[in-house]
1. Modelled label-to-label distance, B:A133 and A:W458, 7 Å Cα→beta-carbon offset: nm?
2. Share of Cα-Cα pairs in the stretch B:50-215 beyond 27 Å, in percent?
3. Which loop-located GluC sites (Glu not before Pro) does the stretch A:484-583 contain, where loop means any DSSP state but H, G, I, E or B and the Cβ has at most 12 other Cβ atoms within 10 Å?
4. Under the rule of -39500 (n - 2.57) per DSSP H run of 4 or more residues, summed and divided by the residues of chain A, what mean residue ellipticity at 222 nm is obtained, to the nearest 500 deg cm²/dmol?
5. Can you tell me what percent of all Cα-Cα pairs in the protein assembly as shown are more than 47 Å apart?
6. Report D for the stretch A:481-635 in µm² per second (integer): Stokes-Einstein, Kirkwood Rh on Cα pairs, 20 °C, 1.002 mPa s.
7. Averaging sequence separations of C-alpha pairs under 8 Å and six or more residues apart, then dividing by the length of the stretch A:170-298, give the relative contact order as a whole percent.
8. Please compute the contact order of the stretch B:50-215 in relative form: average sequence separation of alpha-carbon pairs under 8 Å and at least six residues apart, divided by the residue count, as a percent.
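Taken together, the values in this text are just the output of simple stated rules run on the coordinates, not laboratory data. What you see is a predicted model; the values in this text were computed from it and never measured. Every residue, glycine among them, receives a Cβ derived from its backbone with ideal geometry; neighbour counts consider all protein chains shown.
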Amino acid sequence: MLGKLTWSAIPFSQPIPLLAAGGVALALFAVLGWITVKGHWPYLWKEWITSVDHKRIGVMYVLLGLVMLLRGFVDAIMMRTQQATAIGHAQGYLPPEHYDQIFSAHGTIMIFFGAMPVMIGLMNFVVPLQLGVRDVAFPTLNSTSFWLTASGALLVNMSLVIGEFARTGWLPYAPLSETSYSPGVGVDYYVWAIQIAGVGTLMSGINLVTTILKQRAPGMGYLRMPMFCWTALGANMLIVAAFPILTATLAMLTLDRYLGFHFFTNEAGGNMMMFVNLIWAWGHPEVYILILPAFGIFSEVISTFSSKPLFGYRSMVAATLFIVVVSFTVWLHHFFTMGAGGDVNAAFGIATSIIAVGTGVKIYNWLFTMYGGRLRFPTPMLWSIAFLMTFIIGGMTGVLLAVPPADFMLHNSMFLVAHFHNVINSGVIFGAFAGITFWFPKAFGFRLDEFWGKMAFWLTLAGFLIVFGAMYVLGLEGMTRRLQHIDFTEWAPWLYVSVGGIGVMILGVASQLIQIVISIRHREQLRDTTGDPWDGRSLEWATPSPPPAFNFPVLPRVHGEEPYWTIKRKALESQGLGDEPDYEAIEMPRASATGVVTAFFATLIGFAMIWMIWWLAALGFVGAYATFVVFAWRDEEETRISAEDVARIDRARRASRQAWLDAQGEQPA
Amino acid sequence: MTAQAQDPYRIGRSGGGEGEETTGRGEGGPASKRTTVGYGFWIYLLSDIILFSGFFAAYAVLAKQTAGGPGPRDLFGQERVAIETAALLLSSFTCGLAGVAAERRNLLWAQAGLLATGMLGAVFLGLELSEFAEMIGKGAGPQRSAFLSAFFGLVGLHGLHIGVGLLWLGTMMAQLWVKGFQPQILRRLMCFNLFWHALDIVWVGIFTMVYLMGVAP
């Protein structure tokens with residue numbers, strides 16, 4: 001009846017996962033109870049859970065990502081403390097089978113459920129606003145994408161209490177991940193969680209590519225799009241081109257595990273190196289899927305706070321597209337030691353070095369954007385400058401690793417771990433924080449507290465440098481990655497430095513949380529009344545904060561690269577806003593529960609497949625199909641916002657802009 | 001006929017003035033719903049082709065790994081594959097006819113075309129399943145060797161697409177029956193046409209790589 005699922009799946013003998021899960025469950029029930037007592041369910045259901053508004057979905061994506069980043073950070077703390085307490089005779093507190101699950105979960109959660117949702121969320125929120133349109137191309141599909149990602153995250157976290165997670169690392173290399181070596185449900189949790197979330201990501205990629213290429217305000221040609229839209233286009237084209245490879249690879253692994261196929265097995269002619277090739281043919285573009293949106297964020301932030309247009313806009317576009325193409329030609333550098341031979345290794349080593357040129361172009365463009373600008377240094381700018389300095393170190397160690405002979409020495413060492421954390425932290429994570437502080441006022445109508453933002457910045461930066469600086473040294477001293485116990489006591493000092501660094505990072509994370517609480521409390525002082533808190537240059541700042549559901553009462557006409565900057569200059573020169581437009585009723589897509597219901601059935605399917613409860617899986621498929629039919633059968637796809645409402649909302653916006661304009665007139669520029 | 005009627009979506013042209021239906025390329029503002037839906041579906045199809053290419057690559061790598069078991073020459077009969085191919089290509093033709101009939105708002109012919117498409121698709125799927133059953137009966141199932149794993153993976157993935165397509169087709173015929181030619185149903189019909197043709201193209205690849213090259217001397 002329940003497949004492989006029995007009471008023994010719950011780890012009663014292991015206190016750590018049980019306590020952690022208990023804590024999470026308690027917190028979850030507290031939140032749900034509070035919502036129920038306060039009667040917030042109807043609001044949440046109508047305005048958020050079933051919402052198809054790209055802004056709401058973007059916010060939910062970012063929220064999911066931040067919660068999962070915290071979860072992955074707890075794993076990181078456990079790994080650092082275990083290694084610091086398991087040197088020589090000491091054994092630490094995590095048994096090997098548990099430690100292996102932790103480093104696997106850390107990588108999986110950080111990439112798939114932390115970094116990806118934050119980046120996709122920011123793109124979702126910002127791109128339609130920057131393009132000057134009212135929503136993405138397929139709003140209900142967008143909601144479905146988000147809920148499928150959440151469903152995957154739920155499955156990964158369920159593995160904490162029901163069964164176990166993979167012990168194979170964040171990419172389940174075959175044949176270790178085959179049933180002969182991983183008979184438990186850990187790899188199955190991984191496979192189904194990633195497949196379900198991956199479908200969501202793929203649909204989100206299709207949606208954003210179509211949005212950027214087909215839904216733009218009148219006059220916004222390709223070379224007038226803000227840089228963030230360009231990098232979002234690059235990242236989403238990569239999603240469309242790379243994620244199917246992941247789906248195919250994991251489908252083959254699933255067939256191996258469930259039906260005894262021989263794609264990657266040791267026996268019957270299976271080819272385990274094919275797994276490594278396929279997974280990295282997705283995995284390397286994935287790196288750029290994460291970093292390209294961050295590059296876009298840095299471009300917007302640096303240009304805004306330098307009060308200058310972006311330097312070398314066209315070369316930036318070219319560099320982005322160059323990276324998109326070349327990212328598909330470097331995957332083999334993840335396994336130079338496979339034995340493909342000198343020629344092949346040389347070709348991939350050279351390609352890897354060449355891809356750094358694209359990033360180099362961007363670095364110079366950012367530097368020249370700052371050069372001669374009127375610089376301001378609020379929190380988003382600090383994250384961007386720290387990125388510029390630390391990312392170069394990560395990039396250079398990357399080019400070092402691209403040299404095959406050097407890679408043979410450093411392969412699988414802590415040096416490698418330090419390298420990719422260096423680039424992902426200073427690129428993606430700093431980018432995410434820069435983007436979140438930058439666009440937070442647009443989403444919520446008030447700015448984040450600057451003092452705690454800067455505290456968080458300095459502590460995170462310091463902790464990050466200490467942790468990974470020490471890891472570089474450990475790697476050069478020959479320490480390999482993923483060690484549950486350290487026999488070699490000479491490494492101890494650097495491991496202690498590293499664990500000290502994570503202590504500083506904990507303070508940084510705490511500052512972030514304090515920042516959010518303080519900002520909510522002081523929201524009236526931090527209120528953004530104009531909709532343009534940073535003196536921005538692109539169209540998202542032309543809307544009020546937070547923007548109305550329809551974003552723009554009338555689609556803006558675009559005449560140049562920095563449309564909102566032009567509008568502001570014109571208003572200042574003529575000392576007046578343009579004439580009030582003729583307001584018309586606006587049709588907006590109707591809210592739909594399709595996304596959340598589909599994700600509910602997807603979770604059922606995933607859980608049932610993991611535990612081999614076949615009837616439940618069948619039920620899930622029937623439910624998903626029924627949901628699809630109900631959605632397809634609906635007659636009314638849109639709701640109407642009346643011309644009066646549109647006029648009322650826009651007149652409030654115009655009044656605040658007029659106040660801004662009057663204030664500008666009083667103080668001579 | 002006006003220029004607009006000859007080329008309603010202004011394919012390959014930039015611009016388009018205010019108020020008229022545009023392609024979303026620059027000047028004219030957001031594209032029409034029909035253009036957007038078709039375009040998005042094309043992007044999906046590209047991603048689907050990449051999914052197939054993963055399985056094609058696996059087949060190319062594993063094709064010679066028969067592990068002492070039967071190879072392509074021992075297993076593939078040309079007659080059945082010829083009938084399968086004929087049925088699938090013909091179904092694409094009838095699918096196209098259904099699309100033309102829908103453009104002319106002829107419900108009878110549209111439904112007839114879709115029905116023929118579905119029946120030909122079912123013939124294809126039935127033949128494929130009988131081939132699979134025979135092979136498994138002979139002890140040449142996917143567990144036998146890596147070659148057979150790759151074969152069942154690739155051909156099975158295509159079969160799965162056809163199966164899902166038939167489910168979609170049936171749902172859409174029922175919807176057409178109840179609701180008639182509504183704009184969103186016409187858009188879905190266009191997407192289905194694209195989907196079905198894409199599966200045809202993939203099948204041509206499978207036919208060449210698996211069934212022809214497999215038995216070539």
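1. Each label point is offset 7 Å from its Cα along the Cβ direction, giving 7.6 nm.
2. 31
3. Filter output for the stretch A:484-583: A:E524.
4. Counting only the DSSP helices, I get -22500 deg cm²/dmol.
5. 26
6. Here the translational diffusion coefficient equals 94 µm²/s.
7. 34
8. Working: 150 pairs, mean separation 57.5, N = 166.
With pairs under 8 Å counted, the relative contact order is 35 percent.
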